[in-house]
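The values are calculated or read from the model by the stated rules, or taken from the named source; none is laboratory data. Here the structure is a predicted model, which is why all the values come from computation and not from measurement. Please note: Cβ atoms are built from the backbone with ideal geometry, for glycine as well, and neighbour counts cover all protein chains shown. Only protein heavy atoms, including side chains, enter the accessible area calculation; ligands, DNA and RNA are left aside. Shrake-Rupley method; radii C 1.70, N 1.55, O 1.52, S 1.80 Å.
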Amino acid sequence: MTSASRELALESRVPGARPTYRFDTADGVCSKRSFRTSELLLLESLWDADLGRLLTVESNYGVVGIVLADRASSVRMVESSARAVRLCDRNARRNSVDATTALVADISALDESFDTVAYAPKPYTPISVGMQRIVDSLSVLRPGGSLYLAASKQTGLTRYEDCLHQTAASVERLSERDGVALLEATRPGSFDPPSHVSPRSIRPEIDETTLSLVTVPGLFSASGLDDGTRLLLETTSIEDDETVLDLCCGYGAIGTYAGRVADCEVWLSDDDRVATTCAQQSLQASGVDGTVVTADCVAGVADRTFDRVLCNPPTHAGAGVLSELLDGARDVLAPGGELAIVHHRELDLRDHLSRFDAIERLRTGADHVVLSATD
């Protein structure tokens, strides 16, 4: 998938399991170098359970769903990350298991019910988002079905356990290891799930242009427009009749701004299905026509070219993601096109921009710089 791809091997120690399961990982997914204790605890505890139809939530690169596919009647793995979905699909094929994968923003909108749900929250998941996934998971369980949650205090165990006590018919601690506890919660007969995450609107102003943007907790800079994006928008020029790509769009600030200040064709792309859902709502709230796609790096727009690509990249995602992302940005630039990118002043992205012929620093702010990359 990327230059930073790697392989992990999981050897089984239970009767009836395959000797070894193999998983490809990559920059941009959680715990790419080792299996998480929470996932291993789920596997050990659920191997002998009567799973029936199994749903794995935020499946990452597919460890829980792929191993338990040998025990469940069916497996569906869901993720909000397009990169993670690609890895789940790839690893299911690699291990020759029958499991389907879905890219979703809202678990409660799934069109089927399940007997069992397995969820190991990622360490950077906001507590409110994790609780929303818990109640959404309960909502797609059949009455009497079981939700298994593996979490530590660092990933929100106490709050999650309280959430389950308030919503589930019963809650039991099954096991604990290395600070990670496994809970089993039962879906009640009637269930009216509470809401823990609600969209909010922000209205930033850039050069006398006011945007209406929709965000939710868990997205980058969800409480207000970040300084880097603001600096990029105050620096770049967008002309009528251009085709513009907002790459790594988040909730859509850059693409929405482009559509407000110029009569241009706007595309927005992001790896995160939650982000692109908000980006679509931001366009609508601001009265902008545009196309939003959910895809890893430039995969969703690889058949198109753009006069201008604007990007505030996820520099935390790792070198593999940045190289793939910025190489892809060059590939989708039209002849004479420009990539305008903002990043923190302490970072050096020259290696990731090495395929471009010319790099120019357009502006330096208090904490960020804006670069122009052209051929």
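Points to keep in mind about this one:
- Any chance Asp207 is modelled with pLDDT under 95, of a type outside the set (S, T, N, Q) and within 30 Å of Asp289 (Cβ to Cβ): yes
- Any hit, region 331-344, residues being outside any strand (DSSP E or B) and under 14 Å from Ala373 (Cα atoms): yes
- Options Thr276, Thr256: the member that is in contact with a helix residue (DSSP H, G or I) (Cβ under 8 Å, 6 or more places away or on another chain) and in a helix (DSSP H, G or I): Thr256
- Filtered residue count, region 338-357, keeping only those that are closer than 21 Å to Thr243 by Cα and either of a type in the set (Val, Ile, Thr) or open to solvent by 10 Å² or more (accessible area, probe 1.4 Å) (or both): 4
- Every residue from region 67-113 that is assigned to a helix (DSSP H, G or I), closer than 29 Å to Gly16 by Cβ, of a type outside the set (Val, Ile, Thr) and over 14 Å from the mean Cα position of the chain (by Cα): Leu68, Asp89, Arg90, Asn91, Ala92, Arg93, Arg94
- Residue in region 210-219 that is modelled with pLDDT of 95 or more, open to solvent by less than 20 Å² (accessible area, probe 1.4 Å) and farther than 24 Å from Thr277 by Cα present: no
- Only one of Arg90, Arg86, Arg71 that is touching a Phe, Trp or Tyr at 6+ places or on another chain (Cβ under 7 Å) and basic (Lys, Arg): Arg71
- Residue among Gly130, Gly156, Gly145, Gly179 that is buried (at least 19 other Cβ atoms within 10 Å of the Cβ), on the phi > 0 side of the Ramachandran plot and touching a residue at least 12 places away in the same chain (Cβ under 8 Å): Gly156
- Those residues of region 289-310 which are surrounded by fewer than 19 Cβ atoms within 10 Å (Cβ to Cβ) and in contact with a Gly (Cβ under 6 Å, 6 or more places away or on another chain), in sequence order: Val293
- Top-ranked residue in region 255-272 [being open to solvent by less than 20 Å² (accessible area, probe 1.4 Å) and among the hydrophobic types (A, V, I, L, M, F, W, C); ranked as farthest from Asp240 (Cα to Cα)]: Leu268
- Annotation note: of Ser282, Ser354, the sole residue that is of a type outside the set (A, V, I, L, M, F, W, C), in contact with a Gly (Cβ under 6 Å, 6 or more places away or on another chain) and over 19 Å from Asp27 (Cα atoms) is Ser282.
- If you go through region 247-265 and keep only what is under 20 Å from Ala302 (Cβ atoms) and under 22 Å from the mean Cα position of the chain (by Cα), you end up with Leu247, Cys248, Cys249, Ile254, Gly255.
- Residue list for region 1-57, filter: closer than 23 Å to Arg142 by Cα and in a strand (DSSP E or B): Arg53, Leu54, Leu55, Thr56, Val57
- Qualifying residue in region 33-46 (condition: buried (at least 18 other Cβ atoms within 10 Å of the Cβ) and more than 16 Å from Ala120 (Cβ to Cβ)): no
- Qualifying residue in region 229-245 (condition: in a helix (DSSP H, G or I), among the polar types (S, T, N, Q) and without any contact (Cβ under 8 Å) to a residue 12 or more places away in the chain): no
- Exclusive hit being farther than 18 Å from Val129 by Cα and not aliphatic (A, V, I, L, M), set Ser195, Ser190, Ser223: Ser190
- The C-beta contact set for region 97-114 (first residue under 16 Å from Glu79 (Cβ atoms), second residue open to solvent by 50 Å² or more (accessible area, probe 1.4 Å) and assigned to a loop (DSSP other than H, G, I, E, B), distance under 9 angstrom, 6+ apart or interchain) comprises Ser108/Pro193.
- For region 273-284, the candidate set comprises residues that are open to solvent by 30 Å² or more (accessible area, probe 1.4 Å) and touching a strand residue (DSSP E or B) at 6+ places or on another chain (Cβ under 6 Å); within that set, the residue that is nearest to Glu239 (Cα to Cα) is Gln280.
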